[in-house]
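Working notes for the structure below.
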Amino acid sequence: MDSSMLSSKKTADVVKRLAGLFACILAIVLFMFYICPALEQTPVLKPIVQAIDKRGINANMYFYTEVEEFSEANINMNNTMAYPPRSP
Amino acid sequence: MEGKSQVNQSQNDVVIDRCASKLSDLWEKEDYWAIWLGFAMLLVGLFIYLSNPPAALHQKIDKANETLAVESTRAPFKTVAWYKAVDAKKLKATSTPIGKKVKLYTHKPHGWSGNPLNAFMMDKPAAEAKKRKAVAKYEAAKTKETAALKAAKTAETAAAGAGFTSETLNAEAVKAIDVWRDTHMKASKAKKKAKAKPYNQIPYLIGLSIFLAIFFGIGKKAMGNSMTKFMVGFGFVFLIAVLSYTASTNVTMKHFGIGYAAWAILFGLIVSNTIGTPKWVMPAVQTEYYIKTGLVLLGAEILFGKILSIGVPGIFVAWVVTPTVLIATYIFGQKIVKMPSKTLNITISADMSVCGVSAAIATAAACRAKKEELTLAVGLSLVFTSIMMILMPAFIKAVGMPQVLGGAWMGGTIDATGAVAAAGAFLGDKALYVAATVKMIQNVLIGVIAFCVAVYWCAKVDCVPGERVSKMEIWHRFPKFVIGFIAASIVFSLIAQSMGNDVSYALIDHGAIRGMSKIFRGWFFCLAFVSIGLATNFRDLKHQFAGGKPLILYVCGQSLNLILTLLMAYIMFYKVFPEITARI
């Protein structure tokens, strides 16, 4: 294999890799800006999306300290257990 | 995540660990550096927030508790004054000037919807326009709240006038108070948005990058690596981490529960499998180093006092069902599904039964699972979390299941914490509070599970069948960062316990934890997931998924989890402890 063939193979490889990168970026853009926004308008997803927006919940967090609602729940439950309303 | 101090091949071709501990391990080994770095950060957090408490903290708490004591004996329901007293106790050290400074310097990219640049900067005119819109909404919400409060007070006075003996008047008062709480919550959220200010996060992100490069670089240098090479590569890893956070703060991605871990792995994979990870970046691709340090910080967030938050029923739902499902799924994976890898089996079993990504990270690190195995476990968890977040509340609503039962069921089964909050909020406040509390109790289990898995792996799995491993050998093999993880949890639990719930809420929960540990742990895990992506080949992932066994394991384990959790929640909340359910 001469040097020109090696060079063209290398170029083709670089082009292939860059094409792969741009294809991935395009797929992410489509997913984030077109597919998901369209999906969240469907009757199945809309109610839960509204519930998330109403409270401003960070629904994509992984631990209880990252979600404000857990802190709300915690203080509410602690006080409910410590100061429960009397029996009717 | 593989890596053993010293590995020999025996005659039977079985891998045996022959480890030894030395004093120099303390400054030469990654596990110890994770502990030193993690604890340094936690001590700084404690120093900052314990020395800067909110003004008149104890007086405000005492006053609120006096009101709560009076109100709890006065009425058979939570009165307006009861709720106001609880609100008065929501004091946070993170809201003090120094807390705000820490937040400013360490903030991840901001939330955005249309223009990704808004994640990093917003100019004055744009901020003003946003503020005007938000203020108008806040004023409308405030007006509604004032009217609802007036109606709630009137209804409560009427019920009090009848000595709280009229069921009808009591029910009307409860209903009016619930309406007021709902409008109060909306007004509070609107108020936050009405504080929109211009920002430019870029200089702070650059500063944070330099700080973290030095922070981790010191450890790398002590371990005999080049600090300069690490710092050069770190800039690239941090940049991908920032992009991952940016993608996760997109409002639509929040709706779908797609967080930074998924984006970090994906972006890393894209780079490594298209243009290839540059060689100069590799010194900073340190998955284990970031994960172990992050896990020590996570330890501080695991407060054992939380397990009593909802009484005995919560302990049964989270601490009895969860380990049962974990062990049953692991055995099922070994005996029936015949999983090719024990570490993959336990990582999937833990992330499915405990709490998704966080549990997967802790378990994978404790048993030294491969990075591809962690990626697969996290991927499965994220996909099923999104599905369950949508389907479970819809099903619960359709069958008319009570909110407490539905909340406990979702809290015990949906993997990711944020998704639990979203699904709970969809059903209502009661469901949200129960779901969140059960999940929080389950989160605390991570520490125990990581410790047990680490011990089991050292004593039973990483050895020749039938071999009896001595205690010293277990110690030599034991992943030492787990000790830091558990120690952080015990120390912070004791500090929180000694302060009592109200003070620890202000200084620990909303101080050293949310104002320090949570912030940096998030960055460290994000860096770890970027590193996993940058060092992983798609083919390795495909190989791990061979035969769809991980999927079968996850689905079967989750099915068992759904059945047992529902059964236990029903028995505990409706048969054994109905009085606790009535209080909620």
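Using a 1.4 Å probe and counting only protein heavy atoms, arrange B:Tyr433, B:Tyr260 so the residue with the most accessible area comes first.
Sorted descending by solvent-accessible area, the residues read B:Tyr433, B:Tyr260.
Using the Cα centre of segment B:124-197 as the reference point, and only Cβ charges (+1 on K/R, -1 on D/E), how large is the resulting charge dipole? Debye, rounded to the nearest 20.
1080 debye
If R0 is 41 Å, what FRET efficiency do you get for B:Thr73 and B:Lys100 from their C-beta distance, rounded to 0.05?
0.60
Using a simple spin-label model with points 7 Å from Cα along the Cα→Cβ vector, what separation in nm is obtained for B:Thr157 and A:Lys46?
So the label points at B:Thr157 and A:Lys46 sit 4.1 nm apart.
Heads up, I need the accessible area for B:Glu28: 1.4 angstrom probe, whole protein in place, Å², nearest 10.
It works out to around 90 Å².
Positive end of the dipole of chain B, charges at C-beta (+1 Lys, Arg; -1 Asp, Glu), about the Cα centre: which of B:Gln558, B:Ala425, B:Ala119 has its Cα farthest in that direction?
B:Ala119
Any chance you could give the angle, 0 to 90 degrees and rounded to 10, that helix B:202-222 forms with the longest Cα principal axis of chain B?
Long axis of B:202-222 versus the principal axis of chain B: about 40 degrees.
Taking only Cα atoms, what is the 0 to 90° angle, nearest 10, from helix B:260-273's long axis to the longest principal axis of chain B?
Value to nearest ten degrees: 30.
Among all the aspartates and glutamates, which ones have a C-alpha under 18 Å from B:Lys100's C-alpha, if same-chain residues fewer than 8 places away are not counted?
Cross-link targets: A:Glu66, A:Glu68, B:Asp509.
Consider just the alpha-carbon atoms of the protein assembly as shown and return their Rg together with their Dmax, both in angstrom.
Looking at the protein assembly as shown, its Cα Rg and Dmax stand at 25.8, 100 Å.
Find which of B:Phe577, B:Ala546, B:Phe485 sits farthest along the positive direction of the dipole of segment B:473-584, computed with +1 on the beta-carbon of Lys and Arg, -1 on that of Asp and Glu, about the Cα centre.
Of the options given, the answer is B:Ala546.
Heavy atoms only, probe 1.4 angstrom, no DNA, RNA or ligands counted: give me B:Ile291, B:Ile202 ranked by accessible area, highest first.
Greatest to least solvent exposure: B:Ile202, B:Ile291.
So which aspartates and glutamates pass the test for A:Lys10, namely a Cα distance under 19 Å, with those fewer than 8 places away in the same chain ruled out?
Partners found: A:Asp2.
Using a 1.4 Å probe on the protein chains only, how many percent of the accessible area of the protein assembly as shown belongs to carbon and sulfur?
66 percent
Can you list the aspartates and glutamates whose alpha carbon is less than 16 Å from that of B:Lys370, not counting same-chain residues fewer than 8 positions off?
Correct list for B:Lys370: B:Glu2, B:Glu288, B:Asp351, B:Asp462, B:Asp540.
May I have the pair-distance distribution P(r) for segment B:124-197, computed from all Cα-Cα distances with 5 Å bins from 0 and rounded to whole percent?
With 5 Å bins starting at 0, P(r) equals 4, 18, 19, 14, 12, 10, 8, 6, 4, 3, 1, 0.
For segment B:291-402, what is the charge dipole size about the Cα centre, in debye to the nearest 20, if Lys and Arg each add +1 at the Cβ and Asp and Glu each add -1 at the Cβ?
It works out to roughly 240 debye.
I'd like the distance between the alpha-carbon centres of segment B:470-515 and segment B:398-452, rounded to an integer number of Å.
23 Å
How much length is gained if the chain between B:Val399 and B:Lys335 is pulled fully straight, taking 0.36 nm per residue apart and subtracting their Cα-Cα distance, in nm to one decimal?
19.4 nm
So what is the calculated 222 nm ellipticity per residue for chain B, using -39500 (n - 2.57) for each DSSP H run with n of 4 or more, over all residues, to the nearest 500 deg cm²/dmol?
-22500 deg cm²/dmol
Starting from the eigenvalues of the Cα gyration tensor, five times each then square-rooted, give me the equivalent ellipsoid semi-axes of segment B:454-502, largest first, whole Å.
34, 9, 8
Past 29 Å, Cα to Cα: identify those pairs from B:Lys60/B:Lys131; B:Lys89/B:Lys192; B:Lys279/B:Lys542; B:Lys108/B:Lys189; B:Lys197/B:Lys430, in the order given.
Going by Cα-Cα distance, B:Lys60/B:Lys131; B:Lys197/B:Lys430 fall outside the 29 Å limit.
Could you work out how far helix B:97-106 tilts from the main Cα principal axis of chain B, as a 0 to 90 degree angle to the nearest 10?
So the inclination is approximately 40 degrees.
P(r) for segment B:435-584: what percent of alpha-carbon pairs falls in each 10 Å bin, starting at zero?
So the P(r) values, bin by bin, are 8, 20, 29, 31, 11, 1.
The values are calculated or read from the model by the stated rules, or taken from the named source; none is laboratory data. Since this is a predicted model, take the numbers as computed values, not measurements. Note: ideal-geometry Cβ built from the backbone for every residue, glycine included; neighbour counts use all protein chains shown. The protein model used for the area step is the full one, side chains on, heavy atoms only, and it has no ligands, DNA or RNA in it. Shrake-Rupley method; radii C 1.70, N 1.55, O 1.52, S 1.80 Å.
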